[in-house]
Every structure is written in structure tokens, then in C-alpha cells.
Amino acid sequence: MNAIILAAGEGTRLRPETISIPKGMVKLFDKSLLEMQIDVFKKCSINDISIVTGYLADKITFPSINYFKNENFSTTSGNESIFCAKEKLQDCTIITYSDLVFEKAVIDQVINFKGDIGIAVDLDWEKNYVDRDQHPKSEADTVLLDKEDNILELRKNIQKPDSKIGEFAGIVKLSKKGSNILSKKLNELHALINQGLGSEAEDFNIKQSAIPDMIQELIDSEINVEPIYISGKWCEIDTPQDLQIARKLFS
């Protein structure tokens, strides 16, 4: 099993913290966000770790890590970064964002998922948005599920009263088969964009779309994506306020 951490973005909403370093190098306590993720993965016996860099790539220099660079980080998004590291999509793979902090128990739950394509979903998520005005609840990547736990939709701010809705926690788990499915889909969509062919290329721009867009594309293509229900401490750090919240949560 290997892990890919996406760390190419500029992290503009976290400034001034990210003026001179990438978001993943921002320190929570005595370690950067990336160091904390690496430590958790290694505790879970995942030692094949890759980081996709971009913005201020030279600031990320951990030993014994594979590096891929998204040269077009300023004009592209998460799926382009995954495409840059597509050679790692040959076995069981966990994909995360660099601005996540999570305890080992969360990754243990993700590792235990036995399906082909799974996304971490927190059903007890709304409490995390109390007094979080810099990153309000409306910006959460929400997951709509049916009574059989099938994922129907993944997008921001799903408003469906009396429905089962969780938050996508920014972690994807792929089996070897799932990695092959995603790799094939990435190649297909990338080829369409490069050739400028057809409505599919116009409707879904692989280079400018984020992971939730790709998950929705897989669902729309009738590829099975399953929820991995997680519990435990985790958070996304997108703003200075998020950083303070994380310091309290993990103190």
C-alpha cells in the first residue's frame, strides 16, 4: 500500500502563514501538517509515501519520500496533481490533501475498507462548523447517501432535509483494481482535454477539477464508490481560524 499527499496548491486563504511556505509546511505545534501525516502513515506501516508539490516546491524536502511536481499548480487543481503521480496508481493507494490533520484511528478505519473505491465520510460533521465563520458550513464537501448507504451525490452545500448527509473528509482509498479504474479514467479525461474533443471534455475539465468532481464523475459513470464511515479527530486547515481550531482539537 502507498500514500499520495497532494501539496501543490498555493493556500492563499491561509495567508500570511503561506506567504513563504506551502500550506503543508505550516506548523500545527512542533511539526508541519505534512510531517504529521507522514508520521501517521508510517505508524500504519505505510512507508511508500509520495508528495505532489507545486507552489514553493523546494520548501518540501523530507527524506525517503517520492516527489512529483505539478508544474501547472497555479492554473490546475487536485486531479491534475493526481495525474502527475499516476505511476503510483498500481496498487492499494490512499490519497489525501496536505491541509488535513488526522489521528491514526482515522487512517486505520480507511485501511480496513475492503472495497475498490472508498471515500472517508464523517456523519457527525456539522458540529465542526459551529463558530467557523471563515470557513462556513456552506463550503463543506457534502455527501448525500441513500438508506442502503449508496453515495448519490458529492458536492458542496447539499440541502436536502431529512436525508442522510455526511462530509467528505478529503481521504480516498483505492484497491489495486480501484487504482486501475481511476488511472484509466484520468488518462481518458486528460486525453479528451488535450485534444479538445466533444462535450465530455467541455463538461468535465480534468485539469481544473478537484477530487470531489472526480468522485462525482465516477458515480455518474456508474462506477461504484462507497463511503468509509470514520470517527475520531480530523480537520481541514484552510484558514487562520481553522489553524486555531486544530490547535485546540489536537492539543
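Could you work out how much longer the chain between residue 62 and residue 10 gets when fully extended? Use 0.36 nm per residue separation minus the Cα distance between them, nm to one decimal.
Computed gain between residue 62 and residue 10 is 16.8 nm.
Of all alpha-carbon pairs in the stretch 58-121, indicate the percentage at a distance above 16 angstrom.
That tail contains 60 percent of the Cα-Cα pairs.
Please list the radius of gyration and Dmax for the stretch 96-152, considering alpha-carbon atoms only, with Å as the unit.
13.4, 37
How long are the semi-axes of the equivalent ellipsoid of the stretch 6-112, taking √(5λ) for every eigenvalue λ of the Cα gyration tensor, in whole Å from largest down?
In descending order the semi-axes read 21, 18, 12 Å.
Could you give the size of the charge dipole of the stretch 54-163 about its Cα centre, using +1 on the Cβ of each K and R and -1 on the Cβ of each D and E, expressed in debye and rounded to the nearest 20?
260 debye
Residue 228's amide H: which non-local residues (gap 5+, or another chain) put their own amide H closer than 5 Å, with H modeled 1.01 Å from N in plane and none for Pro or chain starts?
Sorted by chain and number, the residues that satisfy this are 119, 120, 121.
If you build the Cα gyration tensor of the stretch 73-221 and take the root of 5 times each eigenvalue, what three semi-axes come out, in whole angstrom, biggest first?
They are 25, 19, 16 Å, listed largest first.
Taking the convex hull of the alpha carbon atoms in the stretch 118-193, what volume per residue do you get, in Å³?
Normalising the Cα hull of the stretch 118-193 by residue number yields 126 Å³.
Helix-derived [θ] at 222 nm for the chain: sum -39500 (n - 2.57) over DSSP H runs of at least 4, divide by residue count, nearest 500?
-8500 deg cm²/dmol
Have a look at the DSSP beta bridges in the stretch 2-249 and tell me what percent are antiparallel, nearest 5.
55 percent
Find the centroid of the Cα atoms in the stretch 85-126 and in the stretch 1-79, then give the distance between the two in whole Å.
Result: 16 Å between the Cα centres.
In sequence order, what are the phi-derived ³J(HN,Hα) couplings for the stretch 122-134 according to the Karplus relation 6.51 cos²θ - 1.76 cosθ + 1.60 with θ = phi - 60°, rounded to whole Hz, with x for glycine and proline?
Once θ is set to phi - 60°, the couplings for the stretch 122-134 become 9, 7, 9, 9, 5, 4, 6, 10, 5, 6, 10, 6, 6 Hz.
Length gain on complete extension for the stretch residue 152 to residue 205, per 0.36 nm per residue less the alpha carbon to alpha carbon distance?
Gain in length upon complete extension: 17.0 nm.
Output ³J(HN,Hα) for the stretch 3-12: one whole-Hz value per residue in order, computed from phi by the Karplus curve 6.51 cos²θ - 1.76 cosθ + 1.60 with θ = phi - 60°, and x for Gly and Pro.
Along the stretch 3-12, the couplings run 10, 10, 10, 8, 9, 8, x, 7, x, 5 Hz.
Return the long-range amide H neighbours of residue 143 (sequence gap of 5 or more, or a different chain), with a cut-off of under 5 Å between placed amide H atoms.
Hits under the 5 Å cutoff: 166, 167, 168.
Can you give me the distance in nm between label points at residue 91 and residue 108, each placed 7 Å from the Cα along the Cα-to-Cβ direction?
2.3 nm
Quick one: what are the phi-derived ³J(HN,Hα) couplings along the stretch 233-250, Karplus 6.51/-1.76/1.60 with θ = phi - 60°, whole Hz, x for glycine and proline?
So the J values, rounded to whole Hz, are 7, 7, 6, 9, 10, 10, 9, x, 5, 4, 4, 5, 4, 5, 5, 6, 5, 9.
On a full-extension model of 0.36 nm per residue, what is the gain between residue 44 and residue 251, subtracting their alpha-carbon distance, rounded to one decimal in nm?
Between residue 44 and residue 251, full extension yields an extra 72.4 nm.
Add +1 for every Lys or Arg and -1 for every Asp or Glu among the other residues with Cβ under 12 Å from the Cβ of residue 133, and state the total.
-1
For the chain, report the % of Cα-Cα distances exceeding 27 Å.
Everything past 27 Å amounts to 33 percent.
Please compute the contact order of the stretch 2-249 in relative form: average sequence separation of alpha-carbon pairs under 8 Å and at least six residues apart, divided by the residue count, as a percent.
The value is 26 percent.
Quick note: the coordinates plus some simple rules give every number you see, no bench work behind them. Because the structure is a prediction, the values reported are computed rather than measured. Neighbour counts are summed over all protein chains in view; Cβ atoms, including those assigned to glycine, are modelled from backbone coordinates with ideal geometry.
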